[in-house]
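Colleague: Right, I'll just put the structure down here and ask away after.
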Amino acid sequence: MPTDVIMPALEMAQETGKVLKWLKAPGHAVRKGEPIVEIETDKVTVEIEAPASGVLRDVTARAGDVVPVGKTIALIFAPGEAGAAGPAAPVGPAAGGVPTGAVASPPPAAPAVKASPAGDGTARLTAASPKARRLAAERGLDVSALRGSGPGGAVLAGDVVAAKVPVAEGVGTVWRIMAERLTASWTTAPHFYLVREVNVSRLVSWRERASKHTGARITYTDLLVKLVAATLSQHPGVNASWQDGAIVRNADINIGLAVAIDDGLVVPVLHRADTLRLVDIAARREDVVSRAQAGKLRAADIQGGGFTISNLGMYGVDAFTAIVNPPQAAILAVGRIADRVVAVNGQPVVQPTMMLTLSCDHRALDGARGAQFLGALAELIEEPLALLV
């Protein structure tokens, strides 16, 4: 049997994905793991890899199509399998696909219900579910302009999600979606913040020693990933999320890095960071950041994050508060390293320090546990040399 190529679910609450372009044409041979199509999710543009080797056929979604998660968008026939040879299946209505830019979802049962009690068009009423009306309002959509797939043509939440959202001139899709997600986080997650100034004189020495010892380009972000991973292993309650009314702890320590790109903000993930050597962290960080900036992230690069680090120190920022990256419980905002006057043994001394701000979702994390985590992290930053390079 041929292998289905489906629109994947790359994140929680994702209902659709947008096909940007096919990297392989119908009838072409593909290898398992080879990128074959670019799609756009709620977070970023990613390349989807072939789930099997064979011949790509029966492509039913064109560039620009918005497709429900789980829907088959192509088939891969094994070499020699019936269907592997022969003409490529067309893309479009005749092949079960949709025209460019259309929404690839079940056809509506009927147009949205509209009524004018006066019979003169002075009033328009559209049947829509309460959730659909709320989503439409949040996205700036006119519910009366949408075609519904519910009974009698009623507009459902899925119709709103699949509809095209008007984009202001000069605002890209990644930026718009970033704004929507962070607005949802800010308005639904009760945030609180913990701030700590830490002495980083030993961290500076560690970076110099590690760079010389490994010959790699070690950054302060790499050191923080190493230290945060070690602290999360000691405080697993921070490596968690609030889901369906319950706290869910993550099995692995996967740390996301907030990366600014031209179109907005993406968060590639360093998986199982607690198992990586510092030189491996540096290599992976450099790889995912460069691919994020080039728009070449893969699906796996943005999945599974349990904690995020956002470092604006390189921009000269002293301190800032970050918005929690849903559904994670916390995010660490990192300011610049600067010489400041601190008290050492009761005497004023100039030392390099860094400001850390831990933003927490109070549903998943309380103040005491957040403070314990931040305190343990601060201790490791001030005395990091016990960790192996």
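The values are calculated or read from the model by the stated rules, or taken from the named source; none is laboratory data. Please read these numbers as outputs of a predicted model, since none were measured by experiment. Glycine also receives a Cβ, built like all others from the backbone with ideal geometry; neighbour counts cover every protein chain displayed.
Colleague: Name the residue, out of SER185, SER233, SER205, that is part of a helix (DSSP H, G or I), within 19 Å of the chain's Cα centre (by Cα) and within 21 Å of LEU356 (Cβ to Cβ).
Modeller: SER185
Colleague: Quick one: in segment 222-253, which of the residues that are buried (at least 18 other Cβ atoms within 10 Å of the Cβ) and of a type in the set (Ser, Thr, Tyr) is modelled with the lowest pLDDT?
Modeller: My answer is SER241.
Colleague: Restricting attention to segment 288-320, which residues are assigned to a helix (DSSP H, G or I) and over 17 Å from the mean Cα position of the chain (by Cα)?
Modeller: Hits for segment 288-320 are GLY313, MET314, TYR315.
Colleague: Output the residue which, of all residues in segment 313-340 that are hydrophobic (A, V, I, L, M, F, W, C) and free of Cβ contacts under 8 Å to residues at least 24 places away in the same chain, is farthest from MET354 (Cα to Cα).
Modeller: Looking at the filtered set, the residue picked out is MET314.
Colleague: In segment 298-346, which residues are closer than 30 Å to PRO8 by Cα, modelled with pLDDT under 95, surrounded by fewer than 21 Cβ atoms within 10 Å (Cβ to Cβ) and hydrophobic (A, V, I, L, M, F, W, C)?
Modeller: If the condition is that a residue be closer than 30 Å to PRO8 by Cα, modelled with pLDDT under 95, surrounded by fewer than 21 Cβ atoms within 10 Å (Cβ to Cβ) and hydrophobic (A, V, I, L, M, F, W, C), then ALA299, ALA300 are the ones that fit.
Colleague: May I pose another question? Can you tell me which condition PRO384 does not meet? The list is (1) part of a loop (DSSP other than H, G, I, E, B); (2) of a type outside the set (D, E, K, R); (3) under 26 Å from the mean Cα position of the chain (by Cα), and all the others hold.
Modeller: So PRO384 meets the others, but not (3).
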